[in-house]
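The values are calculated or read from the model by the stated rules, or taken from the named source; none is laboratory data. Fair warning: this is a prediction, and the values are worked out from it, not measured in the lab. Note that each Cβ is placed from the backbone with ideal geometry, even for glycine, and that neighbours are counted across all protein chains shown. Accessible surface is based on the protein model in full, side chains and every heavy atom, while ligands, DNA and RNA are left aside. Shrake-Rupley method; radii C 1.70, N 1.55, O 1.52, S 1.80 Å.
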Amino acid sequence: MAIQATEQGWVLETHATGYALGLNQAGMLVHRYWGARLPSLSDYPEAADSLGWASFNGPGQVLREEYPGHGGVKYIDPCLKVTFADGVRDVVLRFAGAEVHKHELALHLRDEHYPLTLTLHYRVHPEHDLIERWVAATNHGAEPITIERIWSAQWHLPPGENYRMTHVTGRWLDEMHLRRETLLHGVKILESRRLTTSQQHNPWFALDSGSATEDHGEVWFGVLAWSGNWKLSAEVTDFLSTRVSMGINDWDFAWRLQAGETFTTPASLAGYTAAGFGAASRRLHDHIRAAVVPHPQQLRKVLYNSWEATGFEVNEQSQTALAEHAAAIGVELFVVDDGWFHGRNSDQAGLGDWWSDRRKFPNGLAPLARRVNELGMDFGLWVEPEMVNADSELYRAHPDWVIHFPTRARTEARNQLILNLARADVQEYLITKIDRLLSEHPIAFIKWDMNRNASEPGWPTAEGEQRELWVRYVQGLFHVWGTLQARHPQVVWQSCSGGGGRADLHILRLADQIWPSDNTEAAARLAIQEGFSQIFPASTMEAWVTDALEQQRSLAFRFHVSMCGSLGIGAHLGRWSPAQRKEAARWIKLYKAVRPIIQFGDLYRLRSAQAHPFSALQYVSKDQAEAVLFVFRTHLPDPITLPPLRLRGLDPAAQYTVDGCSGPRSGLAWMQAGLQIDLSDFESTLRRIRRVPHH
Ligand code: GLA
């Protein structure tokens, strides 16, 4: 299991999958195979030859070039598009050598005439069945080369099928809806043009031949690890060859690659499984938990967040009162949301001035932080560093720091403008300000928000190509956040962008947690969480119990929904009755008991909440000793017979008990015969499942 060079090229193997590529007779680097791991290296097919048999059929339609540049008679959606200094816009890449390591492969390509080299990087993650790809382009000449597109990877599927593509779409308050559509001839594009990953689409795909289910069938899936504008192009050629390319969006993009410079793309990760969409999600979950997030081994704490309770009415008294209630019910981390900083009384002012508001906190944040710590909780804070209100000290001092075109209006959204994080002075300002906050207070957690998308994407003082902004901004964000992370490694960060606008495998290198949606109504949340779970593990999914539609949703229902992720509370605890707070304390205690299974275990989606008003999911510990079942019913007209739920992921031969069901029974029985759970509308249940120890 690793990377091997053979006469036919290279074979990349993971635990269960194989991926092969090689040079064909014409010297072109072509894809050979991606699917189940084959018994021997000689089993992998050879590199196909370059066919092109009529003036209207270039080889690109059939031939699966590993990383096609724009040139010749290919006509397909290429990965690379450049303009050389003399105006030539045709790339001819030739193989120039390989470096093979156990888990990494670098294939060097060189343009046959111009001083441009490309390195295609591969890394295998054997235990997660994932292959990671990225590309670096270097200009070895004296004149600049303009890059107009440089994608991270093109993933080739076995040809001859009409695949179905699963992806997610949404909007603010309604993220992550699963969509399934057949890919027909042509190009299907998913993208973000918003500067963030976006709530509208997410850089994730899953392709199957149309018959895969949660538990069965071949699925090819992948992501792009990038938090800025991205593009996914799924192309089916006239010869039914299907490829999915992913990378930085080339829309409004250009990059002047100066002499001696290298441009490195973000990574795309992809995998194959024969065990359905559920297995595809579990591969990503395992990978994210083990290899992406900053604090892989840490359990996420039960948090309280003040936003839905106190809004902008944040002050020492209101927060102390909430903190006392929170501590009493078992909360471990108290987060003060928006409204704590200089001049922040509404969304009209204050962003940019990251010091505490004197009126609300006469002695600064220290007394509150201390009180929170005394109550036995960690202290956390909300910031939105990338933004500025026109009504702020910062904007009055530096109106030129925002993204803008000098001759155009600066369109405000939520009364705010975006600081140009591509600028070094802006980066320095933010590092200094947030670093001071973190150094002067015992802050254990930061919620990093980003509440609008870009407009008038100008950068008047850019030295070169202004369209580099889209990428340099994200690199700047990474620099600022990464510097703060390195200086304060104990801090846990949360990524929020008006909900799930910045959820991806790039931001997860900085943030352990993501806020999936501003919609906290429990039934809506079930659907959003299910979409989110296609890609991201429960440990990263922050889920608060709030008062949204409280009259219609029992506390139990609301808790059950939030316990499916990293539990938080966002309700006004002062308005809850003592009985409600007592009940909440019981749920939190139970959550703490089962959270290792939820946060570190395997997720099985038994019945989809997006597809059925009666839905269920199950988390199973890695050793299969314990599991937790959640079942929900939203609205179903009675009379109705609810179907039995067949459990998953248990050891078939072991005996298990399920809370509230007769038993013990074998894992096989629970998985095959299932169990019956009857619920009324908007009722839910949580059942613990335990393996009976051997004697
Ligand atoms: C965004 C976030 C919310 C909250 C508000 C504060 O909408 O998604 O959770 O932090 O900003 O202004």
**Fill in**
Rounded to the nearest 0.05, FRET efficiency between Val92 and Gln298 (Cβ-Cβ, R0 56 Å) equals 0.65
**Item:** Near-label residues of segment 487-516 by backbone N, under 12 Å of a point 7 Å along Cα→Cβ of Asp435
**Value:** 487-488
**Request:** Kindly work out what percent of the DSSP beta bridges joining two residues of segment 402-551 are antiparallel, to the nearest 5.
**Result:** 25 percent
**Message:** With the crude spin-label approximation of a point 7 Å out along Cα→Cβ, what separation in nm comes out for Ala136 versus Ala85?
**Reply:** 2.3 nm
**Fill in**
Answer in debye to the nearest 20: the dipole magnitude of the chain about its Cα centre, from +1 Lys/Arg and -1 Asp/Glu charges placed on Cβ, is 1520 debye
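Taking 21 Å as the cut-off for C-alpha to C-alpha distance, list the pairs among Lys188/Lys231; Lys447/Lys622; Lys81/Lys231 that go past it.
Lys447/Lys622
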**Message:** With a cap of 15 neighbouring Cβ atoms within 10 Å, and only residues DSSP puts in a loop, list the chymotrypsin sites (Phe, Trp or Tyr not before Pro) found in segment 469-547.
**Reply:** none
**Item:** Accessible surface of the chain [probe 1.4 Å, protein heavy atoms]: carbon and sulfur percent
**Value:** 50 percent
**Message:** Run the numbers for Leu549 and Asp400: contour at 0.36 nm per residue of separation, minus the present Cα-Cα distance, in nm.
**Reply:** 49.3 nm
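Show me the GluC sites (Glu not before Pro) within segment 46-113 that DSSP assigns to loop and that have at most 16 other Cβ atoms within 10 Å of their Cβ.
Passing both the DSSP loop test and the Cβ count: Glu46, Glu112.
Need the full-extension length gain, Leu240 to Arg171, defined as separation in residues times 0.36 nm minus the C-alpha distance. One decimal, nm.
21.6 nm
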**Prompt:** Distance in nm between label sites at Glu112 and Arg586, each 7 Å beyond Cα in the beta-carbon direction?
**Reply:** 7.6 nm
**Prompt:** Roughly what would the spin-label model give for Gln258 and His103, points 7 Å off Cα along C-beta, in nm?
**Reply:** 3.6 nm
**Prompt:** If Lys and Arg each add +1 and Asp and Glu each add -1, what is the summed charge of the other residues whose beta carbon sits under 15 Å from the beta carbon of Gly141?
**Reply:** -3
**Request:** Can you grab the distance from the C-alpha centre of segment 613-675 to the C-alpha centre of segment 128-146, Å, no decimals?
**Result:** 48 Å
**Prompt:** Where q = 0.05, 0.07, 0.08, 0.09 Å⁻¹, what log10 of I(q)/I(0) comes from the Debye formula for the chain, counting one point per Cα?
**Reply:** -0.25, -0.50, -0.65, -0.82
**Those trypsin sites (Lys or Arg not before Pro) in segment 88-153 that DSSP places in a loop and that have at most 14 other beta carbons within 10 Å** = Arg89, Lys102
**Item:** Set of aspartates and glutamates with alpha-carbon distance to Lys74 below 20 Å, sequence-local pairs under 8 removed
**Value:** Asp49, Glu65, Glu66, Asp90, Asp111, Glu112, Glu148, Glu235, Asp238, Asp250
**Asked** Just the accessible area per residue of the chain, please: how many Å² with a 1.4 Å probe?
**Response** 36 Å²
